[in-house]
Amino acid sequence: MKQLLILGCLFISLGLIGQSEEETEIKNTINSFFSSFHAQDSVGMTSVVSKNVVLQTIGANKQRQQVLRQENFNDLIHAITSIPDSIKFEEKLLDYSIQVDGPMANAWTPYEFWLNNTFSHCGVNSFQLFKQEGQWKIIYLIDTRRREGCANQP
C-alpha cells in the first residue's frame with residue numbers, strides 16, 4: 001500500500017513537472033515575441049506566430065465607445081519596424097496566467113505600455129497558442145487598451 005502511495009505521488013509530480021515545462025515554453029514564446037517587438041525585428045516576431053495569425057484589439061473610439069478592431073499582422077510589423085530610433089517604446093508584461101490542454105494553450109498577460117519612458121496605457125493581452133511540430137506558435141492575439149484604471153496612471 002505504501003509503495004502504491006509513493007508511486008501515485010511520483011506520477012502526480014511528473015505531471016506537474018511536464019505542465020510546468022509546457023508553461024515555460026509558452027512563456028518563452030511570448031517573451032521571444034516581445035523581445036523581437038522591442039528590437040523591431042520582423043523576422044523574430046514572425047518566427048513565433050502562425051502564418052494565419054489573427055490580431056484584434058478592444059479599446060475606446062473618439063466617442064468613448066468600446067470597439068473591436070481587426071488588425072493585419074503585416075501592418076503591425078510595418079508599424080513597429082517604422083518607429084524611428086528616437087522613440088523608445090516598451091510593453092511591460094506584469095504577469096502570466098497560462099492554461100494548457102494538449103496542443104492548445106491560452107496565456108493572459110496584463111501589461112503597461114510606455115512611450116519615451118512615459119506611461120501611455122495599460123490592458124491585457126490574451127494569446128491563443130497551438131503546438132505544431134513541437135513548437136508553440138501564436139495563432140490569435142487580442143488585447144485591451146485603456147488609460148484609466150491602470151496602476152501607473154498619472
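Laboratory data are not the source of any read-out in this text; all were calculated from the coordinates shown. The model shown is predicted, which means the values in this text are computed figures rather than measured ones. We place every Cβ from the backbone using ideal geometry, glycine too, and count neighbours over all the protein chains shown.
Of all DSSP bridge pairs formed entirely within the chain, close to 85 percent run antiparallel. Computed about its Cα centre, the charge dipole of the chain is approximately 400 debye, with only Lys, Arg, Asp and Glu carrying charge at their Cβ. Across the chain, Cα pairs under 8 Å and at least six residues apart give a relative contact order of 21 percent.
Between the helical axis of 2-39 and the longest alpha-carbon principal axis of the chain there is an angle of about 20 degrees. Each residue of region 120-133 was assigned a 3J(HN,Hα) from its phi angle through the Karplus expression (A = 6.51, B = -1.76, C = 1.60, θ = phi - 60°), giving 10, 6, 9, x, 9, 9, 10, 9, 10, 10, 10, 8, 10, 6 Hz with x at Gly and Pro.
The HN-Hα couplings worked out from phi for region 95-105 by the Karplus form 6.51 cos²θ - 1.76 cosθ + 1.60 (θ = phi - 60°) are 6, 9, 10, 10, 10, 10, 9, x, x, 10, 9 Hz, whole numbers, x standing for Gly and Pro. Among the listed options (i) 48, 42, 28; (ii) 58, 31, 26; (iii) 67, 34, 28, the one matching Cα extents along the principal axes in Å as calculated from these coordinates is (iii). In this structure, the amide hydrogen of Val54, modeled 1.01 Å from its nitrogen in the peptide plane, lies closer than 5 angstrom to those of Tyr140, Leu141, counting only residues at least 5 positions away or on a different chain.
A Förster radius of 30 Å combined with the Cβ-Cβ distance from Trp108 to Arg64 puts the calculated FRET efficiency at roughly 0.75. Between His78 and Thr46, the contour length at 0.36 nm per residue exceeds the alpha carbon distance by 10.3 nm. With 0.36 nm allotted per residue and the present C-alpha distance subtracted, the Glu148-His38 stretch has 37.2 nm of extension available.
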